[in-house]
Amino acid sequence: MRGFGSTMGLYEPGRGFLYRTPLPVKAAASLGCAGIVLAWRSPFVTAVALVLTVGALVVGARLSPVRILRMLLPAAPVLVVLALYQGWLQGWTVAFGVSGGIVACLLAARALTLTTPTQDILDGVARLARPFRVVGAQPERFALALSVMLRSIPYLAGLFVDVREAAKARGLERNPRVAVTPLVIGAVAYAHRTGEALTARGLGDHDDGDDEEDPAPAPGM
Amino acid sequence: MQPAEKTAAEPVRSSPSPGRRSGRRWDATDLSLVAVFAALIAALAILPGIPVGPLGVPITLQTLGVMLAGIVLGPARGTAAVLLYLVAGLIGLPVFSGFSGGFGVLAGPSAGYLVAFPLAALVAGLLAVVVLRRQRFRAPLLFLACLAASLVTIHPLGIAGLVVNAGLPLRDAVIVDAAYLPGDVFKNILAAVIAVSVHRAFPRLLAGRAPRD
Amino acid sequence: MIEFAGAQVRVDGGRTILEASLTLRERRVSVIGANGSGKSTLLRLINGLLVPSSGSVGVFGRDTRKEGRAVRRTVGFVFTDPLSQLVMPTGREDVELSLRARKLPSAERRRQAEDVLRRFGVHHLADRSIYDLSGGERQILALAVVLAVEPRILVADEPTTLLDLRNDALVRDIIAGLEQQVVFTTHNLDFALEAERTLVVDGGAVVFDGVPAEAVAYYRSLVGRPVRGT
């Protein structure tokens, strides 16, 4: 997923202590950051969180400050407007506390996904979900669903571009129905093909296929 | 990117397992439908959104994806798709609008909208099952189903999010939220029209036909 | 060994889209026919992706209807479009996913995955995004993924249709070198000739069954094209 993955902020190989930090530690730090910022919302806490996350990215993942700013660009419009609004109504310290806190949380999350192979994140989630087995959850199927989802995003993005070009070729690019319907139909067809491929490989069936004596008739599809 | 001939053959292929809908466990196809719709919501969310109103909560096609999940896949798989999307975003994968992700979004002004999404898919899906039992007026009825779902879930929770997270007075929050209504109506119409086409292309996706055998 | 005993597939309206009674023992069986003739349906019956509406399909004596899961473990299936076959972001992860069915410790699983990737000469591509690979590389990976669990039969639905000439030849070479019994559909009549037995499917029935050269000639006459010198 590298082509699209790099724009999405998924794993990029590199060096630095963040790459060597175990996933649970990174996850706890990222979660802790969100929890603390959510609960306190004070400018001081926010400043500490910002220094820590930016520092971690610069030292721990060898990212340049420019790179970090560019990561925030897509979320910038919302953040700037939120900061201006709150600064105007409730004062600039409050504005800094809230917007800066969100920036810190975003960076903390990105620090995790950038330095951990995606497959490890998925395995981690499956491990985390394991206790829920008792209530009938199936962590392996959940992790498989996450994989299929991540893998489908670039496919759908490509399909979206194809569909838009086809609409343009027919002079229908201003009709959103023409632009989106084939995308959704394509998505359903793609899901069916993927489901069939999973079935053909004996994956994604219940209980990961270890009950040989399944009395149910073959699940045709 | 895909051979068109295969797409057309899909509905035929599932034929030997009639009545695959009601109350059975999910097979690999259900799993991938859930996963692919979660991806569809993400893809629609990642496309650049238009910031609207004083807080600039972006109008994206994200909610279009949420509604489609509900009325195309039905309540169970639709809600599962939205939940999968939310979980992916919350564990840090950048699938929310503006490539954001992580628990930090729960501190942001649009948190209320995110929390409302699975409920919206559930309500829209439940209504869609009723609508799709009939053959006539499907598009307008599906539109009403989506509109009802967004009015009882997305807007109230979105307003609550604006009040709690952005510190807006309730009156202002309602006004800010109202700025999204026109876009919402438009997206719900779009969702309904698309869903009718999808159900025509894949008639067995959701119970909406007379039971066979 | 694959056995179709009066197997019929009907769609909801009751229309029969395929009917077949055959026993396939040959190491290489090719299936040719027009789009929509029923070739893909025939292949899907073999590993239980489809079960017949009446009659039965057996693989090494196992009924695809009653023992679908066991049959699928015996029969590997390669699709036309490798992008719908590969579900993981990289080839290595996908091979490991296949091997998960064996419930090995993760170190052993990793070692076996590396073995499989080397055997198919794609270990240097294994960590790249499948979107960065060419169509041919993807199809070879898809083959590796399916053959990783060593099925006794390989079924391939137009495995070379989306490939250019060079990759077409590569995939055909790999298939030619396999020990397994292989049943494949194709629109490439040269590829069809590489089998020991060829079925021509038309309108949901096997209309010719025999030596590849004769089958191809029959198929050409069926679509109204004279036999050109082969």
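Things to note:
- Inter-chain shielding of A:79-86 (mean C-beta neighbours from other protein chains, 10 Å cut-off): 5
- Once backbone amide H atoms are built at 1.01 Å from N, C:Leu50 has C:Leu45 as its partners under 5 Å, excluding neighbours fewer than 5 places away on the same chain.
- Distance (nanometres) between label positions extended 7 Å along Cα→Cβ at C:Asp164 and C:Arg111: 4.0 nm
- Rounded if a/c under 1.5, otherwise prolate or oblate - chain A, Cα gyration tensor axes: oblate
- Rounded accessible area per residue of segment A:131-200, 1.4 Å, Å²: 39 Å²
- Assuming charge only on the beta carbon of Lys and Arg (+1) and of Asp and Glu (-1), the dipole of segment C:2-222 about its Cα centre is about 780 debye to the nearest 20.
- A helix-only calculation puts the protein assembly as shown at -17500 deg cm²/dmol for mean residue ellipticity at 222 nm, using -39500 (n - 2.57) for each DSSP H run of at least four residues, averaged over all residues.
- Buried accessible area, chains B and A (both chains, 1.4 Å probe, Å² to nearest 100): 6000 Å²
- Separation in nanometres of the label points that stand 7 Å from Cα toward Cβ, at A:Thr93 and A:Arg15: 4.4 nm
- Nearest-20 debye value, segment C:58-158 charge dipole, Cβ charges on Lys, Arg, Asp, Glu: 580 debye
- Those residues of segment B:168-202 for which accessible area with every protein chain present is at least 30 Å² below the isolated value (1.4 Å probe): B:Leu190, B:Val193, B:Ile194, B:Ser197, B:Val198, B:Phe202
- Exercise: per-residue mean of other protein chain Cβ atoms within 10 Å, B:159-165: 1
- Backbone N under 19 Å from the C:Asp12 label point (7 Å along Cα→Cβ), restricted to segment B:162-197: B:195-197
- Using a probe radius of 1.4 angstrom, the carbon and sulfur fraction of the accessible surface of segment C:32-71 is 47%.
- Per residue, segment A:4-116 exposes 48 Å² of solvent-accessible protein surface, assessed with a 1.4 angstrom probe and all protein chains in place.
- Shape of chain C, Cα gyration tensor, a/c cut at 1.5: oblate
- Spacing of the two label points (7 Å from each Cα toward its C-beta) at A:Asp120 and A:Asp162, in nm: 3.4 nm
- Buried accessible surface for the C/A pair, both sides summed and rounded to the nearest 100, is 2900 Å² with a 1.4 Å probe.
- Segment B:165-176 - phi-based ³J(HN,Hα) in whole Hz, Karplus 6.51/-1.76/1.60, Gly and Pro as x: 8, 9, x, 7, x, 3, 4, 4, 4, 5, 5, 4
- Counting only alpha carbon atoms, the long axis of helix C:135-147 and the longest principal axis of chain C meet at about 90°.
- Shielding of peptide A:100-111 by partners, expressed as the average count of other chain Cβ atoms within 10 Å per residue Cβ, is 5.
- Residues whose amide H falls under 5 Å from that of C:Gln181, counting only those 5 or more places apart or on a different chain, are C:Leu154, with hydrogens built in the peptide plane.
- Integer Hz, Karplus 6.51/-1.76/1.60 couplings in order for segment A:51-66, x for Gly and Pro: 4, 5, 6, 4, x, 4, 5, 5, 7, x, 10, 6, 9, 7, x, 4
- Computed magnitude of the charge dipole of the protein assembly as shown (debye, nearest 20; Cβ of K, R +1, Cβ of D, E -1): 1000 debye
- In Å², nearest 10: area of A:Arg110 left accessible to a 1.4 Å probe: 20 Å²
- With protein chains left intact and a 1.4 Å probe, residues in chain C average 40 Å² of accessible area per residue.
- Accessible area of segment A:16-160 belonging to carbon and sulfur atoms, whole % at 1.4 Å probe: 76 percent
The values are calculated or read from the model by the stated rules, or taken from the named source; none is laboratory data. These numbers come from a predicted model, not from an experiment. Ideal geometry is used to build each Cβ from the backbone, glycine not excepted, and the neighbour counts take in all protein chains shown. Ligands, DNA and RNA are stripped out before the accessible areas are found, and what is left, the full protein with its side chains, is counted by its heavy atoms. Shrake-Rupley method; radii C 1.70, N 1.55, O 1.52, S 1.80 Å.
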